[in-house]
1. Each residue of region 122-137 in order: what ³J(HN,Hα) in whole Hz does its phi give by Karplus 6.51 cos²θ - 1.76 cosθ + 1.60, θ = phi - 60°, with x for Gly and Pro?
2. Quick check on the exposure proxy: order 60, 250 from fewest to most C-beta atoms within 10 angstrom.
3. Would you mind ranking 40, 165, 49 so that the residue whose beta carbon has the fewest other beta carbons within 10 Å leads the list?
4. For region 238-251, just list the computed ³J(HN,Hα) in residue order, Karplus coefficients 6.51, -1.76 and 1.60, θ = phi - 60°, integers in Hz, with x standing in for Gly and Pro.
5. So how do 197-208, 75-86, 111-122 stack up, highest first, on mean other-Cβ count within 10 Å?
6. Given charges of +1 on the Cβ of Lys and Arg and -1 on the Cβ of Asp and Glu, with all other atoms neutral, how large is the dipole of the chain about its Cα centre, in debye to the nearest 20?
7. Exposure proxy check: 66, 288 ranked by fewest other beta carbons within 10 Å?
8. Report the longest stretch of the chain that contains none of the GluC sites (Glu not before Pro) sitting in a DSSP loop with at most 11 other Cβ atoms within 10 Å.
Amino acid sequence: MSGGVAGTFGRSTERRHRVREGRLLRGALIFGALSFLGIFLIAPLVTVFASAFAKGFGAYVTALSDPETVSAIELTLLAAGIAVPLNLVFGVAAAWLFAKYEFPGKNILLTLVDLPFSVSPVIAGLVFVLLFGAQGWLGPWLSAHDVRIIFAVPGIVLATIFVTFPMVAREVLAVMQSQGNDEEEAALTLGASGWQILFRVTLKKVRWGLLYGIILCNARAMGEFGAVSVVSGHIRGETNTMPLHVEILYNEYNFVAAFAVASLLAMLALVTLFIKKIAEWAAHARSDAAERAPLGEHSLSATVGSTPS
């Protein structure tokens with residue numbers, strides 16, 4: 001009898017000891033994560049905004065309204081505005097190809113799509129210089145036809161497209177592969193055309209992954225420095241994007257203006273992060289709703305049949 005009581009007491013003590021250890025470990029992990037975020041994320045953001053407003057709101061507005069700063073903002077938005085739609089088209093096409101078809105060399109082609117993830121952006125910029133520069137392979141032909149790519153807007157756009165084109169493709173491909181082909185095959189059986197399947201079935205299934213890829217692509221396009229720095233030539237008021245303009249202002253010891261432009265980039269990043277979280281929450285909510293919905297609530301035949309052929 002006493003042995004049973006002692007054994008029960010020993011197990012209870014051991015259980016409390018494990019719970020205490022678990023709480024200590026959890027507290028240590030939370031403290032470590034918050035400390036890391038505070039040092040490497042919160043503190044730099046606070047420094048950027050504090051330095052931007054160091055001389056008051058008037059100096060901040062003056063720095064952002066400078067013609068060269070306005071030109072850098074416009075060029076950044078232009079490069080992103082061209083790169084993101086093109087990468088959207090490419091990403092959907094590439095994801096559709098890799099998810100729906102099997103063909104020789106598929107793995108090699110998929111590896112090439114991932115190439116910008118592993119190649120330094122500076123190397124990518126140098127590649128474009130070797131191709132389109134004055135001494136490059138196509139340089140003499142471009143000069144003869146008065147076409148400027150390097151040290152001009154086309155070079156910046158090309159470099160931005162190169163470093164961002166896996167973003168949409170990878171996000172959409174992961175969603176397509178996880179959801180399978182059952183609905184597409186059912187739509188094909190019901191007589192839907194390829195375009196109907198794409199727009200009425202596939203894109204509706206992957207729209208949150210597509211939105212997520214667009215957000216990441218846009219964030220990378222606006223913040224790209226390495227490749228754009230090589231091909232831009234740093235011509236003030238013409239080929240400087242916002243990251244390049246921040247570097248120039250900082251090197252000239254114009255700290256308020258440099259941090260003002262940097263704060264604008266930081267705000268764009270925060271807005272991008274906020275939109276990303278909304279997309280994730282919406283995707284999770286839709287997934288939970290789909291799991292709770294009764295089987296057969298949505299008719300694929302109605303979806304396909306409602307689209308005019």
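Please treat every number below as a calculation from the coordinates, not as lab data. Quick caveat, the model's predicted, so the values are computed rather than measured. We place every Cβ from the backbone using ideal geometry, glycine too, and count neighbours over all the protein chains shown.
1. After applying 6.51 cos²θ - 1.76 cosθ + 1.60, I find 5, 4, 4, x, 5, 4, 5, 5, 5, 7, 10, x, 4, 9, x, 4 Hz.
2. Least crowded to most crowded, the residues run 250, 60.
3. 40, 49, 165
4. The phi angles translate into 10, 10, 8, 8, 4, x, 5, 5, 4, 4, 5, 5, 5, 5 Hz.
5. Ranked by mean Cβ neighbours within 10 Å, highest first: 75-86, 197-208, 111-122.
6. Roughly 1240 debye, rounded to the nearest 20.
7. On the way: 66 17, 288 10.
Placing the least packed residue first, the sequence is 288, 66.
8. Maximal segment without exposed cleavage sites: 103-251.
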